[in-house]
Amino acid sequence: MSKDDRDSRVVREILLWALENGNYNLGTSGEKLRNDSHFSSEIGIQSLDLLEFFLRLEDQFDIEIHARDYNLLTSVQAVTEFLKGGKVALEFE
């Protein structure tokens, strides 16, 4: 597994954790979620659930994501690239 695949897997795990109480049909372990799936238009994730995801990312990586950046974070791939661009170590505890 490549480093990019591991990084995306970490972001996916945090997303699934944030959405575990939502009503989303992503499969039992998120197998229906592609790295390029658009959070709102393809998956239908509501804004409050996205905010929960962003807050969990902040807590997990001890970072601050500014509200102005939310519109850039539209997929697992986009979030992974955003975090890597900020030199965040993508490790899930």
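Bear in mind that the values in this text are calculations on the coordinates, not laboratory data. Please read these numbers as outputs of a predicted model, since none were measured by experiment. Backbone-built Cβ (ideal geometry, glycine too); neighbour counts: all protein chains shown.
What to note about this one:
- Shape class for segment 2-68, computed from the alpha carbon gyration tensor (a ≥ b ≥ c): oblate, with a/c not under 1.5 and a/b at or below b/c.
- A simple packing score, the average count of other Cβ atoms within 10 Å per residue, orders the peptides 37-46, 72-81 as 72-81, 37-46, with the highest score first.
- Taking a Cβ cut-off of under 11 Å around residue 15, the surrounding Lys, Arg, Asp and Glu residues balance to a net charge of -1, with basic ones at +1 and acidic ones at -1.
- Relative contact order %, segment 3-85, counting alpha carbon pairs below 8 Å whose residues are six or more apart: 38 percent
- Virtual spin-label span in nm between residue 46 and residue 67, 7 Å along Cα→Cβ: 2.0 nm
- FRET efficiency estimate (nearest 0.05) - Cβ-Cβ, residue 5 to residue 34, R0 22 angstrom: 0.95
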